[in-house]
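Nothing in this text is a laboratory measurement; each read-out follows from the coordinates by a stated rule. The model shown is predicted, which means the values in this text are computed figures rather than measured ones. Because the Cβ atoms are built from the backbone with ideal geometry, glycine has one as well, and the counts that use them run over all protein chains shown.
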Amino acid sequence: MDKIENVELKYLTVEDYQELKSTMIEAYPHLPDPYWSLDEIRSLTKVFPEGQVVIKVNGEIAGVALSIIVQMEDFEGNHSYNEVTANYTFKTHTDKGDMLYGIDVFIRSDYRGLRLGRRLYDYRKELCEQLNLRGIMFGGRIPNYHKFADELSPRQYIDKVRRKEIDDPVLNFQLSNDFYPSRILKGYLEGDHVSKEYAVLLKWDNVYFEKPNKKASTIKTVVRLGLVQWQMRNYKNLEGLMQQAEYFVDAVSDYRSDFALFPEFFNAPLMADFNALSEPDAIRELAKFTTAIKERFSELSISYNINIITGSMPEVINGKLYNVGYLCRRDGSTERYEKLHVTPDEAKLWGMQGGTEIRTFDTDCGKIGILICYDVEFPELGRLLANEGMDILFVPFLTDTQNGYSRVRNCAQARAIENECYVAIAGSVGNLPKVHNMDIQFAQSTVFTPCDFAFPANGVKAEATPNAEMILVVDVDLDLLRELNTFGSVRNLRDRRIDIFELRKR
């Protein structure tokens with residue numbers, strides 16, 4: 001597989017048909033008629049276009065999910081695939097139905113292991129919530145059942161799979177995505193000999209479902225943040241460091257976080273091998289790892305379907321040393337950000353230069369800003385980002401003492417209040433006795449909010465345990481910011497006296 005440059009979730013169109021046909025033949029080698037006809041796909045995309053999606057990697061179809069809307073009570077009992085699709089005419093689809101029924105989902109073999117299937121299921125769940133449906137149901141094949149059919153009934157087989165006594169990658173995947181077995185379907189898919197024509201009726205309940213006769217409520221935009229409070233420890237090499245980083249990415253993505261935030265200079269342990277060098281030379285040796293770390297984080301953002309803010313790392317550009325980081329989006333794109341204000345120690349001990357660009361970044365969860373540590377102590381930067389529509393400000397930091405941490409914390413909280421935004425800060429804890437100028441660290445990672453009735457009274461949404469390695473997973477509601485902008489007790493953004501002063505970028 002070539003280097004992944006772009007991952008897109010798109011609606012399926014009839015123009016995709018020939019590629020879809022070839023991928024279905026590859027995906028279902030055991031079925032007598034493994035692909036849909038062109039007329040069937042045309043009909044499906046016409047009656048319910050929002051339910052038919054593909055994931056494209058570098059412009060090539062990597063996965064597909066097809067679905068219709070049905071009335072749940074019509075298909076709660078035993079039924080077949082032919083019945084639920086009305087012999088592939090999809091006349092069972094109704095916009096007045098209350099259940100999303102999945103009729104197909106698969107990932108091409110070349111793209112398995114990237115967790116693209118999870119994206120398709122997450123899309124279905126979000127669609128289900130958006131359409132206010134009761135949930136999702138589908139008949140799940142059990143293609144490994146033929147190996148055990150002589151000794152186990154379908155129900156016994158499913159029980160053993162749930163207890164991890166039998167490995168069924170298809171059913172295991174459904175269960176890991178919060179679906180639960182409802183009943184056994186006999187004679188479900190004609191010709192599915194490896195499943196002995198059995199299937200499991202799997203369901204997922206939409207906890208936000210409201211009966212249609214209830215008053216409609218505003219759909220909130222809720223973003224989940226995953227903050228990594230990183231423990232400094234010695235690593236033998238880059239691979240060891242990135243294994244630990246992937247562990248945290250995996251952990252926060254398991255909670256369906258939209259962002260993972262790492263601290264400033266989280267990769268400092270790799271300098272241990274360069275202690276014999278001067279401090280300026282050692283930090284420049286560390287900078288040689290930056291490109292590889294960025295590329296690895298980009299791969300993780302795709303594989304775990306999460307936007308990653310890489311904290312910060314040293315980088316040498318045209319002979320000058322900078323403190324930079326990368327936003328690795330889950331669509332495969334990356335963006336660079338710079339520390340604008342270097343601390344006196346960074347300048348004196350390492351010869352580090354301040355960056356020159358301040359800007360916001362567009363993401364699938366709104367517009368964000370990123371300021372590295374010391375930068376958050378300069379209020380003009382946060383206000384410039386707020387002027388560009390920033391909803392969430394991320395601050396990776398590294399502080400050795402509690403008074404240094406207090407400067408970052410108190411200034412970050414001020415930025416949340418004055419700019420009517422959320423501010424998430426993440427730092428490192430522990431010590432690195434073998435790395436010069438990185439002896440000790442103090443941190444308490446936190447998410448701050450504005451101070452008004454819709455938010456915590458003290459402006460602290462959540463905070464980690466001080467000086468302990470952990471993750472902090474926090475939901476923030478962007479619609480509350482919109483309400484605050486208009487109806488807040490005070491309106492810091494709207495009430496600025498721009499008639500008597502001006503703040504702008506050069």
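Under 5 Å from the amide H of L393 lie the amide H atoms of G369, Y422, V423, A424, each residue being 5 or more positions distant or on a separate chain, with H modelled from the backbone and absent for Pro and chain starts. Sorting 304-311, 37-44 by their mean Cβ neighbour count within 10 Å, with the most densely packed peptide first, gives 304-311, 37-44.
With distances taken between every two different alpha-carbon atoms, the range 223-487 has a Kirkwood hydrodynamic radius of 18.2 Å. Computing FRET efficiency as 1/(1 + (r/R0)^6) for Y247 and A86, where r is the C-beta to C-beta distance and R0 is 51 Å, gives about 0.60. Over all projection directions, the Cα-based convex hull of the range 446-506 averages an area of 6.9 nm². Counting Lys +1, Arg +1, Asp -1, Glu -1, what net charge surrounds Q353 among other residues with beta carbon under 11 Å of its beta carbon? Once all neighbours under 11 Å are counted, the net charge is -1. Our coupling estimate for the range 458-470, obtained by passing each phi through the Karplus curve with A = 6.51, B = -1.76, C = 1.60 and θ = phi - 60°, is 8, x, 10, 6, 6, 8, 7, 5, x, 6, 9, 5, 5 Hz, Gly and Pro reported as x. In terms of packing, defined here as the mean over residues of other Cβ atoms within 10 angstrom, the peptides 424-431, 274-281 line up highest first as 424-431, 274-281.
Taken over the range 141-255, the percentage of Cα pairs per 5 Å bin, counting from 0 up to the bin with the maximum distance, is 2, 9, 14, 13, 10, 9, 11, 12, 11, 6, 2, 1, 0. With R₀ fixed at 30 Å, the C-beta to C-beta distance from K46 to E5 puts the FRET efficiency at about 0.40. How large is Rg/Rh for the range 75-133, to two decimals, with Cα atoms and a Kirkwood Rh? Rg divided by Rh gives 1.03. Put simply, the convex hull of the Cα atoms in the chain casts, on average, a shadow of 27.5 nm².
Provide the net charge surrounding Y337, with neighbours chosen by a C-beta distance below 14 Å and charges set as Lys +1, Arg +1, Asp -1, Glu -1.
Residues near Y337 contribute -2 overall.
Computed across the range 298-453, the Kirkwood hydrodynamic radius from all distinct Cα-Cα pairs reaches 16.2 Å. Placing a pseudo-label 7 Å from each Cα along the Cα-to-Cβ vector at S333 and K147 gives an inter-label distance of 4.3 nm. Around D74, with a cut-off of 11 angstrom between Cβ atoms, what is the net charge of the other residues, counting Lys and Arg +1 and Asp and Glu -1? After counting each charged neighbour, the total is -4. Once backbone amide H atoms are built at 1.01 Å from N, D104 has L66 as its partners under 5 Å, excluding neighbours fewer than 5 places away on the same chain. Under the rule a/c < 1.5 gives rounded, and otherwise a/b versus b/c splits prolate from oblate, where does the range 296-387 land using the Cα gyration tensor? Because a/c hits 1.5 or more and a/b fails to exceed b/c, the range 296-387 counts as oblate. Let me make sure I get this right: for the range 7-205, a, b and c are the square roots of the gyration tensor eigenvalues over alpha carbons, sorted descending. Under 1.5 in a/c it's rounded, otherwise prolate if a/b > b/c, else oblate. Which is it? It is rounded, given that a/c, with a ≥ b ≥ c, falls under 1.5. Going toward the positive end of the dipole of the chain, with +1 on Lys and Arg Cβ and -1 on Asp and Glu Cβ, which of S253, L20, Q231 do you reach last? Of the listed residues, the answer is Q231. Here is the link list: K10/K56; K56/K367; K3/K288; K46/K96; K91/K211. Which ones come out longer than 18 Å on Cα distance? Distance filter (> 18 Å) returns K56/K367; K3/K288; K91/K211. In sequence order, the range 355-371 has phi-based couplings of x, 10, 10, 10, 7, 8, 10, 7, 9, 6, 10, x, 8, 10, x, 9, 10 Hz under the Karplus curve 6.51 cos²θ - 1.76 cosθ + 1.60, θ = phi - 60°, and Gly or Pro positions carry x. Shown is the FRET efficiency for D39 and S182, computed with R0 = 35 Å from the Cβ-Cβ distance and rounded to the nearest 0.05: 0.65. Stretching I25 away from R482 to a fully extended chain increases their span by 159.7 nm, per 0.36 nm per residue minus the current alpha-carbon distance. The sum of -39500 (n - 2.57) across all DSSP H runs of n ≥ 4, divided by the residue count of the chain, sets its helix-only mean residue ellipticity at 222 nm to -8500 deg cm²/dmol. The label-point distance for Q18 and T291, in a model that sets each label 7 Å from Cα toward Cβ, rounds to 3.9 nm.
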